[in-house]
Each structure stands twice: as structure tokens, then as C-alpha cells.
Amino acid sequence: MTGPDREPPDGRTALAVVATTAEVLDRPDLDEGLLAPWERRRLARVRVPSRRDDVLAARLLLRLCAARFTGRQPHELLPAQFCAACERYGHGRPYLRGHPDVGVSLSHADGLVAAAAGPGAVGVDVEPAARTVGPPPMLARLMSEAQLRAVGALPDPDRAVLRMWVRREALLKAGHPGAGSAADVPHTVPDSGSRAGRPGGLHVLDWTDERRAAVATVASAVPARRFSVTPTPSALRETM
């Protein structure tokens, strides 16, 4: 489908989006009725109302992003999850049933949600820009000694550490096997023109959404672009 809410997908570029939970839940074309029964059962177990809203919004935004990428309608898509470790469905890495070549990912944190879709591997993560990443022992696990020294010399080390954290989570979700190692998560943005500079050969797109006070990263097998969502379907717009 084409129209004011979408453009014909090219199938070669991953898409990523960040929104507030309120923005997603305010959209008239997205509601809890789109969720599969297993998703509604999981949602019912979330007791904290604000967290429940975040989980719901993330799952709805995933459908919107995947719909934009595939050219389908949100209600036509069937996201699912599978955990390779325990070989069970209902949790683990998300995927789209009937679209084996399409990778999808979602994230939510304190009133913020993110989603990504694209050909092949994709992972997205979002955090509030004001968040501080853990005590020193956690930083020691996240970063190598050389990275700690390099980040400590930057004008805003807390912001750099948060960026590393978000980037690491996106790389892990995209299946980068070395992302658990601090040495494989660069504290500076890779040169987009150098494949050798991309962690695990993945394209990394970082951005800070000042209006939503969010820090986000998408890691993908192909270059990604982001789009912005507002409460009305006709108000989608791309932001490079």
C-alpha cells in the first residue's frame, strides 16, 4: 500500500523509528486489538501500568515499522518470538511470520519505544538521554580499560558511556556475537564509508532525539534510515 502514510518500500534499506509511548498509543490506527493472543497474555502479566503501556506501545510500533518496510498493513503482520537457547516460542528474538528474510527488533524504556525492520539482521535500542549507566563495577564489565580512559577524557563521559551501552544492546539484538565484549563496541561512531570499521560487518546508525530526550542506535545488515511518527497516520515523515 502507498499513500500519505508510507512510500513504496525498496527492500534494501532498513527502517528505524523512536517515539514516546504516548505518541504511539494516541494513534487511532494502533490499538491492543492488533496483538496476538500470546502477546495479550504476556501483557496481562505486567502489573506496573506505565511499564504495561511501554510494552504495548513497543509491540504496536514494531507493527507500524514492519508495515512501512513490507508495504503491508499493521493488522496483516504476525510478529512472533523464538528463543534458540530453550527452543521455545513466546520470548526471545522477534521475527515476522511469513517473512523469513525480514529482520525486526523492538525496545522500550521509561516512556520511550523504538522499532526497526529490514532485510537480514537488525537490532534497535533506546534509552532516556538523562539515564546514567550503572556503578563502576558495571562500567568495568561494559568497557575495556583503554575505553574507560578514552571515554574519561571526553567532554561528557556519562553521555559517551550511555551511547556505548545503547550501541552494545543494538549489536547484541542484531546477533553480533562479539558485542558482549567491550573491545568490540566502539566508543566513537564508525566511519560509514569503511566496512572494516563496522562492528561485525553491521551498519551502525546512532542518533539523539532531542525532542523526545532519547538516545538510540540501530545495527543492521544494510544501511538504515529513520522516520518519525506522530499521533496521526498522515503525519509520518522521514528524517535523515
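The values are calculated or read from the model by the stated rules, or taken from the named source; none is laboratory data. Nothing here was measured: the structure is a model prediction, and the numbers come from that model. Counting neighbours? That spans all protein chains shown, and the Cβs are built from the backbone with ideal geometry, glycine included.
Report every pair of residues separated by at least 6 positions or lying on different chains whose Cβ atoms are under 6 Å apart, first residue within the range 8-19 and under 11 Å from Pro119 (Cβ atoms), second surrounded by 24 or more Cβ atoms within 10 Å (Cβ to Cβ) and at pLDDT 90 or above.
Final answer for the pair search is Pro9/Phe69; Ala14/Gly118; Ala14/Val122; Ala14/Ser220; Leu15/Cys65; Leu15/Phe69; Leu15/Ala117.
Here is a yes/no grid of residues against (1) at pLDDT 55 or above; (2) more than 19 Å from Leu139 (Cβ to Cβ):
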| position | (1), (2) |
| --- | --- |
| Pro155 | yes, no |
| Arg163 | yes, no |
| Ala170 | yes, no |
| Pro177 | yes, yes |
| Arg195 | no, yes |
| Arg198 | yes, yes |
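Quickly run through the range 71-122 and pick out the residues that are in a strand (DSSP E or B) and of a type in the set (Lys, Arg).
Arg88, Arg93
Check Ala150, Ala216 and return the single one that is in a strand (DSSP E or B) and either in contact with a Pro (Cβ under 9 Å, 6 or more places away or on another chain) or modelled with pLDDT of 70 or more (or both). Show your work before the answer.
Numbers: Ala150 fails: in a strand (DSSP E or B).
Residue meeting the stated conditions: Ala216.
Could you figure out which of (1) touching a Lys or Arg at 6+ places or on another chain (Cβ under 6 Å); (2) part of a loop (DSSP other than H, G, I, E, B) isn't true of Leu30?
(1)
Going residue by residue through the range 37-52, is there one that turns out to be in contact (Cβ under 8 Å) with a residue 40 or more places away in the chain, within 30 Å of Arg159 (Cβ to Cβ) and small (Gly, Ala, Ser)?
Checked the range 37-52: at least one residue is in contact (Cβ under 8 Å) with a residue 40 or more places away in the chain, within 30 Å of Arg159 (Cβ to Cβ) and small (Gly, Ala, Ser).
Go through (1) surrounded by fewer than 20 Cβ atoms within 10 Å (Cβ to Cβ); (2) in a helix (DSSP H, G or I); (3) basic (Lys, Arg) one by one and return the number of the condition Arg59 breaks.
(1)
Pairs, please: C-beta under 8 Å, at least 6 apart or cross-chain, first residue at negative phi and without any contact (Cβ under 8 Å) to a residue 60 or more places away in the chain and in the range 138-163, second in a helix (DSSP H, G or I) and of a type outside the set (A, V, I, L, M, F, W, C)?
These pairs meet every condition: Leu142/Arg168; Val151/Pro157.
Would it be correct to say that Gly98 is out of contact with any helix residue (DSSP H, G or I) (no Cβ under 9 Å at 6 or more places or on another chain), closer than 22 Å to Asp29 by Cβ and either free of Cβ contacts under 8 Å to residues at least 12 places away in the same chain or of a type outside the set (Ser, Thr, Tyr) (or both)?
Taking the combined requirement at face value, the residue satisfies it.
Residue by residue, here is whether (1) closer than 20 Å to Arg225 by Cα; (2) surrounded by fewer than 21 Cβ atoms within 10 Å (Cβ to Cβ); (3) of a type in the set (Asp, Glu) holds:
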| position | (1), (2), (3) |
| --- | --- |
| Leu106 | yes, no, no |
| Leu112 | yes, no, no |
| Asp125 | yes, no, yes |
| Ala146 | no, yes, no |
| Ala150 | no, yes, no |
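Kindly establish whether Pro155 is out of contact with any Leu (no Cβ under 6 Å at 6 or more places or on another chain), outside any strand (DSSP E or B) and not small (Gly, Ala, Ser).
yes
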